[in-house]
Amino acid sequence: MVMGDVATGTDVLVIGGGPGGYVAAIRAAQHDLDVTLVERDAYGGTCLNHGCIPSKAFITAADLAHEAGNAEAMGIHADPAVDMAGLAAWKDDVVDQLTSGVEKLCKANGVHLLEGTAAFKDDHTARIAHGGEGQGMESVEFEECIVATGSRPLEIPGFSFADEPVWASKDALAAEAVPDELVVVGAGYIGMELSTTFAKVGADVTVVEMLDSALPAYDEDVTRVVRSRAADLGVDFQFGEGASEWHETGDGIEVVTETDEGETASYDADKVLVAVGREPVTDTLELDTIGLEPDENGFLATDDRARTEVDHIYAVGDVAGEPMLAHKASAEGVVAAETTAGEPAALDHQAIPAAVFTDPEIGTVGMTESEAADAGYDPVVGEMPMRASGRALTMNESEGFVRLVGDGETGFLLGAQIVAPEASELIAELGLAIELGATIEDVASTIHTHPTLSEATMEAAENAMEQAIHTLNR
Ligand SMILES: Cc1cc2nc3c(=O)[nH]c(=O)nc-3n(C[C@H](O)[C@H](O)[C@H](O)COP(=O)(O)OP(=O)(O)OC[C@H]3O[C@@H](n4cnc5c(N)ncnc54)[C@H](O)[C@@H]3O)c2cc1C
């Protein structure tokens, strides 16, 4: 159908239907604004279609198979076979339920949905190119615009995602068969989550990382637990090596790496997953038309109300910078929407939690001990090793710890680092505690259910006060 170049008007135009954009659109509509959301690919964005949700579905299924096959200590003997096509179908069904839910929620809140690629025409007009040959263009005039165009995976020289054996995370998550041998380039959180998961479903995994450690954003003792578990699962780590090229061999490919000293090595594989980071998507927007220039890394600078340098243009989510996380995108989307509605909203990045769904999981929020010291606090630290947790032992998952960091002077909780089963869930309590301005003593005196993993947060708080019962105080 040829749409012709019709022009419509809207109070708020939201570009991008990921967790930044769709949340912004719904919240703006809840404030009785006329809202149009334009998405060029799939509602739910990277998170629902190619990121958080399919990866966690895959991880859960791989964990289930691995746990069932490794439960001899519990008297369970099983040898589960993973049918990747079946797993992929289930994962796709989960994704479909959520993406169609986003579409329904938008419509139910009165958001106008437009499919196509948006670019600025002038300060108050965007042109929407509908997908496909002959599908036409239309213009939307807006009072205010929220840019939520997200990010895409970075390629490295010699490894084009257009080549079939080279995978971006999206391709790895769409796999319908487990590669016998997988090389993963990059030991950041996406590389670590997927290398552990593919190892659990039977791939021989080699991780190549230019730096000398995995998950460099986290403290060494946090990553040590995760790295050593991954190594136990058979993941072979090659630190200090950068992938430089790949070649076809008779029955697969070989990935060539190089060290800083120029030494080379090569690893056989069927596929190579490049997970070296992500870059913001701004190139299709024609930002120069409205006088908006991204910074040297491509991000759009924003203030604490998600406003860019151009008065009525907002930016939220991955396009607005680190941390590139779905819940940060949604939080910014809410603030941008409420600001367009004239509400007194502002961002508070004090307590953005982060989780890595490795084995065991990592959950963090707020400051580490060294960050607290650098910020001028006299930090007090309390820890509880998971081997002292009754619940962790009953789950046969007792590696890791809970660590709380408080201000030695006032007792206020400043941060927490957790390496434990369900750390992604456990961290929420401590995010709330920081938001509410709780002290270490407040956490210690909150009665926690027994036997649960969350008791470890109470015990770690008691440990910080040198009043731990189940562990030795330091
Ligand atoms: C493998 C993987 C696992 C992840 N796991 C987690 C996790 O566990 N937890 C977590 O918090 N985060 C996770 N993330 C990160 C998370 O997906 C992103 O932080 C989040 O999706 C960012 O949301 P966004 O709304 O900014 O952008 P996106 O979700 O990327 O959405 C942007 C949307 O804008 C659309 N778009 C772009 N340009 C245009 C245009 N010109 N016109 C119209 N539409 C346009 C795109 O099609 C896209 O749908 C993961 C990411 C990956 C890749």
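Taking every C-alpha pair closer than 8 Å and separated by at least 6 residues, the mean separation divided by the residue count of region 353-465 gives a relative contact order of 31 percent. Inverting the pair-averaged 1/r between distinct Cα atoms of region 353-465 gives 13.5 Å as its Kirkwood hydrodynamic radius. Give me the log10 of I(q) over I(0) for region 81-193 at q = 0.09, 0.15 Å⁻¹, as the Debye formula computes it from C-alpha points; what are the numbers? After summing over all Cα pairs, the log10 values are -0.43, -1.02.
Extension gain for THR410-ALA265 works out to 46.9 nm (0.36 nm per residue, less the C-alpha to C-alpha distance). Each peptide in 457-464, 436-443, 68-75 receives the mean, over its residues, of other Cβ atoms within 10 Å, and ordering these scores from highest gives 457-464, 436-443, 68-75.
Across the chain, Cα pairs under 8 Å and at least six residues apart give a relative contact order of 14 percent. Here the dipole of region 353-465 is about 240 debye; that uses its Cα centre as origin and unit charges on the Cβ of Lys and Arg (positive) and Asp and Glu (negative). Summary value for region 166-276: 36 percent relative contact order, contacts being C-alpha pairs under 8 angstrom separated by 6+ residues. Dimensions of the chain from C-alpha coordinates, computed as largest minus smallest value along each principal axis and given longest first, are 70, 65, 46 Å. Dividing the helix sum by the residues of the chain, where each DSSP H run of 4 or more adds -39500 (n - 2.57), gives a mean residue ellipticity at 222 nm of -9000 deg cm²/dmol. Ordering THR60, HIS50, CYS106 by the projection of their Cα atoms onto the charge dipole of region 1-146, which places +1 on the Cβ of Lys and Arg and -1 on the Cβ of Asp and Glu, puts THR60 at the extreme positive end.
Taken as entire DSSP H runs, the helices of the chain never both span 20 Å or more between Cα atoms along their own long axis and average 1.0 or more on the Kyte-Doolittle scale. Other residues lying with their Cβ under 14 Å from the Cβ of VAL82 contribute a combined charge of -4, Lys and Arg counting +1, Asp and Glu -1. Once backbone amide H atoms are built at 1.01 Å from N, PHE237 has VAL207 as its partners under 5 Å, excluding neighbours fewer than 5 places away on the same chain. FRET efficiency for the HIS77 to PHE161 pair, using the beta carbon distance and R₀ = 45 Å, is estimated at 0.60.
Residues whose amide H comes within less than 5 Å of that of VAL276, counting only those at least five positions distant or on another chain, are LEU154 (H built at 1.01 Å from N in the peptide plane). Lys-Lys pairs in the chain that are eight or more residues apart or on separate chains and whose Cα atoms lie under 25 Å of each other come to 19.
Mind checking Rg over Rh on region 104-143, alpha carbons, Kirkwood formula for Rh?
With Rg and the Kirkwood Rh in hand, the quotient comes to 1.04.
Summarising the amide proton neighbourhood of GLU181: residues at separation of 5 or more, or on other chains, whose placed amide H is nearer than 5 Å comprise ASP204, ASP270, LYS271.
Within the shell of other residues whose beta carbon sits under 11 angstrom from the beta carbon of ALA456, the net charge comes to -3, with Lys and Arg scored +1 and Asp and Glu -1.
Tell me, what % of the accessible area of the chain is carbon and sulfur with a 1.4 angstrom probe? Here it works out to 49 percent.
Around ALA444, under 9 Å between beta carbons, what's the net of Lys plus Arg minus Asp minus Glu among the other residues? Charge balance in the 9 Å sphere: -4. Placing +1 on the Cβ of every Lys and Arg and -1 on the Cβ of every Asp and Glu, with nothing else charged, gives the chain a dipole about its Cα centre of roughly 1320 debye.
Computed over protein heavy atoms with a 1.4 Å probe, the accessible surface of the chain works out to 45 Å² per residue.
Between GLN238 and ASN396, the modelled label-to-label distance comes to 3.4 nm, taking each label 7 Å out from Cα in the direction of the beta carbon. Listed peptides 296-307, 256-267 appear in the order 296-307, 256-267 once ranked by packing, highest mean of other Cβ atoms within 10 Å at the front.
Counted residue by residue at 0.36 nm each, then reduced by the alpha carbon distance between them, the extension gain from ASP93 to SER213 reaches 39.6 nm. The calculated Kirkwood hydrodynamic radius for region 309-355 is 11.3 Å, given to one decimal from all distinct C-alpha pairs. Of the peptides 20-26, 383-389, 143-149, 7-13, the ranking by mean beta-carbon count within 10 Å, highest at the top, reads 20-26, 143-149, 383-389, 7-13.
The values are calculated or read from the model by the stated rules, or taken from the named source; none is laboratory data. Just so it is clear, the structure is predicted and the values come from calculations on it, not from any experiment. Virtual Cβ from ideal backbone geometry, glycine too; neighbours counted across all protein chains shown. These area figures cover heavy atoms from the full protein model, side chains too; ligands, DNA and RNA do not enter into them. Shrake-Rupley method; radii C 1.70, N 1.55, O 1.52, S 1.80 Å.
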